[in-house]
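Right, one structure below, let's go through it.
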Number of protein chains: 2
Amino acid sequence: MYGQVNIEKWKVFELTLNGPTNGNPYIDVKLSGKFITENDTISVPGFYDGEGVYKIRFMPQNEGKWTYTTFSNVKKLNNQKGSFVCLQAKRYNHGPVVVKDTFYFTYADGTPHHSFGTTCYGWVHQGDSLAEVTLKTMSQGYFNKMRMCIFPKSYDWNNNEPLYYPFEGTPLKNWNYSRLNPVFFRNIETRIMQLDSLGVEADLIVFHPYDRWGFSRLDRATENMYIEYIIARFAAFKNVWWSMANEWDFMDAKKPSDWDYYVEQFAKKDKFHHLISIHNGVKFYDHTNPYITHASIQSEDTYKAKEYRMKYKKPIVFDECRYEGNIPWSWGNLTAKSLTEKFWRGVTNGGYVGHGETYVTENPVIFPDQSYDILWWSKGGVLRGESPAHIKFLRQIIESAPAKMQLIPLFTWMPFSCVGVDREYYLCYLNDAQPRSVVIDLPKDLFYTVEIIDTWNMTITPIGKKFSGHSLIELPAKPYIALRIMKQ
Amino acid sequence: MYGQVNIEKWKVFELTLNGPTNGNPYIDVKLSGKFITENDTISVPGFYDGEGVYKIRFMPQNEGKWTYTTFSNVKKLNNQKGSFVCLQAKRYNHGPVVVKDTFYFTYADGTPHHSFGTTCYGWVHQGDSLAEVTLKTMSQGYFNKMRMCIFPKSYDWNNNEPLYYPFEGTPLKNWNYSRLNPVFFRNIETRIMQLDSLGVEADLIVFHPYDRWGFSRLDRATENMYIEYIIARFAAFKNVWWSMANEWDFMDAKKPSDWDYYVEQFAKKDKFHHLISIHNGVKFYDHTNPYITHASIQSEDTYKAKEYRMKYKKPIVFDECRYEGNIPWSWGNLTAKSLTEKFWRGVTNGGYVGHGETYVTENPVIFPDQSYDILWWSKGGVLRGESPAHIKFLRQIIESAPAKMQLIPLFTWMPFSCVGVDREYYLCYLNDAQPRSVVIDLPKDLFYTVEIIDTWNMTITPIGKKFSGHSLIELPAKPYIALRIMKQ
């Protein structure tokens with residue numbers, strides 16, 4: 001017997017057991033743990049971590065005493081019992097992100113989560129030194145979510161081999177698909193935990209089409225083993241989100257019904273109920289599928305957030321709306337100004353928008369190999385663009401809205417978009433309009449302060465008077481202006 | 001008998017007759033002329049021009065001798081006969097604009113017409129001195145079409161009374177709707193002719209909703225009289241286009257079927273078959289109506305030209321895609337850069353785009369009355385914005401494409417739009433993309449010159465080498481770049 005084990009709410013309780021190394025532990029050994037507290041019983045799967053080590057991970061979501069019992073077809077792993085006490089969460093630990101009130105995200109403790117994501121598809125596969133640079137960049141607080149692939153990525157500017165492979169075997173294609181490689185997954189979970197320590201959600205991409213090793217064409221048995229393994233291994237980390245795919249419609253080895261299958265697997269097997277989404281290339285997945293928690297959209301038309309809210313009745317996340325950069329491909333050569341606009345238009349239409357950056361820096365683009373170029377979108381590293389600072393400016397404005405306020409798309413007339421809470425707070429964006437003034441009909445029985453936000457120059461200028469009712473607001477007659485209007 | 005009368009092809013033959021002044025000449029007197037040439041017989045209506053003067057106007061479209069006979073229920077006007085000789089058109093007289101090959105405009109002599117329109121809704125109602133300024137502005141060659149209302153306009157910055165009224169009576173609403181006012185229409189035809197002398201098409205708006213006099217709520221008999229009158233009076237001017245409405249869907253006194261009726265009236269009664277369109281506010285008219293010659297669209301999404309071509313199988317004209325200006329209303333506060341972009345995107349997707357300008361210059365905007373501000377969009381005058389020069393730059397590029405070339409939308413991948421003629425000529429626009437290079441697959445058996453067009457700085461820079469096949473083209477890595485690629 002040990003002394004009392006204390007686990008902070010939403011942190012990971014990890015039970016380590018020693019078991020067999022013979023046979024195929026990934027397939028032969030069944031292991032799960034049943035966790036019991038006063039009003040709850042939750043069974044979660046364990047997993048094999050290599051070298052005879054088996055683990056069961058659990059994220060307690062209720063404070064108080066928990067007991068557990070293991071179940072296994074291996075005697076040594078079976079009927080292990082113990083307990084721990086779940087203590088209240090400390091500051092900065094708000095728990096996992098969940099959907100609230102149809103269109104919004106919140107942490108489990110009720111703190112609003114305004115998603116401002118970025119994308120570094122292959123950053124976990126580049127080794128420690130570059131990952132440290134990436135984490136340092138992420139610590140600057142531009143973003144609170146990272147989209148990242150579990151499997152390594154093969155694509156332009158992603159042609160190096162990854163640090164590790166998910167299966168035993170040798171590249172390029174000589175894999176033993178019946179045996180996973182724990183080192184590969186351990187590396188990923190290290191990155192997940194590092195992101196969590198920075199307050200960043202890890203939006204894990206389960207499948208993707210950018211592949212030269214065969215991982216986009218697994219058979220169903222291997223897929224099942226992989227899915228069960230990553231759920232057993234990663235689901236106890238509070239900052240995990242499950243993204244079934246990047247560009248699901250570009251994966252020609254899979255049928256549409258396969259995606260329904262994966263979605264259902266995660267919804268049923270992840271007992272911690274992390275967010276589940278599926279990201280499109282061109283063709284939108286049917287986000288009305290009830291297992292999907294939010295619409296993860298690729299489209300440059302972020303102003304359609306309002307329309308998609310009505311269509312899908314879920315949070316709308318434009319995870320890719322083209323990236324700031326200068327590469328030949330049109331999804332990766334947006335100006336900072338345009339990407340900043342897309343963020344403002346998305347947010348002021350009730351959506352969430354994601355960032356990516358694709359600057360080639362060394363040379364004019366050369367075709368087959370760009371291995372000397374480290375693009376944020378592919379490998380992480382440093383940010384070179386101007387949009388992150390502007391996105392952070394927007395994020396600060398959104399996060400400084402009155403506590404727990406859920407911004408609702410209000411009136412919209414092209415190109416004037418507005419979110420807020422009626423009578424309380426309005427954030428309006430004028431996009432490329434350059435009016436000398438605008439007229440807004442505010443409630444007549446209240447007084448409001450109005451601030452002029454220059455979204456590009458990142459200034460907030462209060463107008464030195466109060467407004468009420470039919471209000472003429474003089475403006476600087478230049479583009480990229482927003483208005484913040486708050487009840488006195 | 002007079003000596004031989006010569007009329008240049010597509011110019012106006014006008015027969016003037018004296019007739020009764022008693023009764024109601026607008027209603028009581030029937031008058032038409034039958035014009036006969038070797039292979040053609042055309043009957044056109046006459047009209048009453050006031051003070052006992054009746055006229056019949058005719059635009060001969062075939063060279064050679066024409067004879068005519070008048071028909072009337074008034075003896076003095078009946079059975080008048082005569083002849084004239086239609087001579088070939090002189091230089092700069094290309095005839096009326098017609099539709100060619102489904103998607104294009106051409107003058108009757110085969111010269112391509114690339115439509116670059118602008119909008120001065122109420123310019124004809126402001127008096128001679130301002131009209132002279134407007135005409136001088138139009139003589140600078142930015143635009144080759146003017147959208148203009150026949151009826152006076154009542155709207156913000158349009159609150160002065162017009163020079164003349166279309167009916168006898170006194171403002172605001174004391175009209176004798178059974179009697180038209182020839183002075184009103186004579187003023188308009190003067191402006192039509194002046195525009196023609198500048199090579200500018202007059203896109204006449206028959207009805208519009210901006211009204212304080214009652215002209216948007218005529219009864220059907222009055223509408224018929226008005227329609228027949230303007231056809232009799234204006235249709236012989238070669239530069240006339242008929243636009244049934246501005247913002248037809250904002251005219252609450254009219255039913256949808258009324259618009260079908262008007263369209264049919266013009267199609268059947270105008271024997272010179274001028275272009276016919278109908279312009280929307282929010283709701284598109286069904287441009288598949290076979291009497292409609294082209295789709296006249298209000299939408300800021302000019303890049304959808306390609307889509308609308310497929311939908312309507314007609315020329316696509318974005319007559320309003322928001323205006324350059326600084327007024328509070330979102331349709332009138334675009335930056336010059338944004339409007340220029342909309343032109344480029346529209347044109348490189350196979351459409352035509354129109355301009356408007358709404359700069360308030362004197363004061364911050366004041367509500368009820370802005371009569372001291374002369375906005376181009378409402379009254380004409382001078383242009384203050386930067387978009388016209390940029391539009392002219394684009395126009396020159398389009399007009400300098402190889403002779404009679406009809407630019408076809410070719411491949412498009414967001415945001416890369418391209419029109420051209422396969423293997424011959426390509427004009428591609430990169431919008432807000434800022435790639436350091438692009439890759440284009442040109443035919444392998446030919447060589448091409450490539451020029452980099454900076455659409456905002458209005459420079460054209462040839463690349464000093466020839467391209468063929470899979471071509472990497474280095475670019476300046478900034479937005480608003482276009483490429484002109486021509487076969488050697």
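Tabulated data
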item: Portion, in percent, of the accessible area of chain A that falls on carbon or sulfur, probe 1.4 Å; result: 51
item: Label spacing, shortest first and in nm, from residue A:8 to its equivalents in the remaining copies (7 angstrom along Cα→Cβ); result: 8.7
item: Residue (of A:35, A:80, A:12) at the positive-pole extreme of segment A:6-87, dipole from beta-carbon charges; result: A:80
item: Solvent-accessible surface (1.4 angstrom probe) belonging to residue B:478, in square angstrom, nearest 10; result: 80
item: Loop-located trypsin sites (Lys or Arg not before Pro) in segment A:90-168, at most 15 other Cβ atoms within 10 Å (DSSP); result: A:90, A:91
item: From the C-alpha gyration tensor of the protein assembly as shown, square roots of 5λ in Å; result: 68, 31, 23
item: Helix axis angle, B:220-234 relative to chain B longest principal axis, alpha carbon, degrees; result: 70
item: Packing rank of B:379-388, A:24-33, where each peptide gets the mean count of other beta carbons within 10 Å, highest leading; result: B:379-388, A:24-33
item: With Cα atoms, 0 to 90° folded angle of helix B:256-269 axis to chain B main axis; result: 70
item: Unit charges on C-beta of K, R, D, E only; dipole of the protein assembly as shown, Debye; result: 640
item: Cα long-axis angle, helix B:336-347 against chain B (0 to 90 degrees, to the nearest 10); result: 90
item: Å² of accessible area per residue within segment B:97-399, as computed with a 1.4 Å probe and no ligands counted; result: 31
item: Between segment A:160-212 and segment A:213-244, the Cα center-to-center distance that results, in Å; result: 10
item: Chain A, dipole about Cα centre (Lys/Arg Cβ +1, Asp/Glu Cβ -1), debye to the nearest 20; result: 1100
item: Filtered chymotrypsin sites (Phe, Trp or Tyr not before Pro), segment B:67-109: DSSP coil and at most 10 other beta carbons within 10 Å; result: B:92
item: Among beta bridges that DSSP assigns inside chain B, antiparallel share in %, nearest 5; result: 70
item: Interface B:A - total buried accessible surface [probe 1.4 Å, Å², rounded to 100]; result: 3200
item: Segment A:14-146 shape via C-alpha gyration tensor axes, a/c threshold 1.5; result: oblate
item: Local net charge near residue B:128, Cβ-Cβ under 14 Å (Lys/Arg +1, Asp/Glu -1); result: +3
item: Efficiency of FRET from Cβ geometry, residue B:190 and residue B:212, R₀ 22 Å, rounded to 0.05; result: 0.30
item: Per-residue [θ]222 nm for chain A (sum of -39500 (n - 2.57) over DSSP H runs n ≥ 4, rounded to 500); result: -6000 deg cm²/dmol
item: Shape of segment B:6-87, Cα gyration tensor, a/c cut at 1.5; result: prolate
item: Cβ-vector label at 7 Å, residue A:253, separations to other copies in nm; result: 7.0
item: Per chain B, cysteines lacking a partner by the 4.7 Å Cβ criterion; result: B:86, B:120, B:149, B:321
item: Whole-Å distance, taken between Cα centres, linking segment A:250-280 and segment B:292-358; result: 41
item: Cα gyration tensor, segment A:97-399 - rounded (a/c under 1.5), prolate or oblate; result: rounded
item: Antiparallel DSSP beta bridges within the protein assembly as shown, as percent of all bridges there, nearest 5; result: 70
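The values are calculated or read from the model by the stated rules, or taken from the named source; none is laboratory data. Just so you know, these numbers come straight off a predicted model, no measurement behind them. Cβ: placed from backbone, ideal geometry, glycine included. Neighbour counts: every protein chain shown. Ligands, DNA and RNA are stripped out before the accessible areas are found, and what is left, the full protein with its side chains, is counted by its heavy atoms. Shrake-Rupley method; radii C 1.70, N 1.55, O 1.52, S 1.80 Å.
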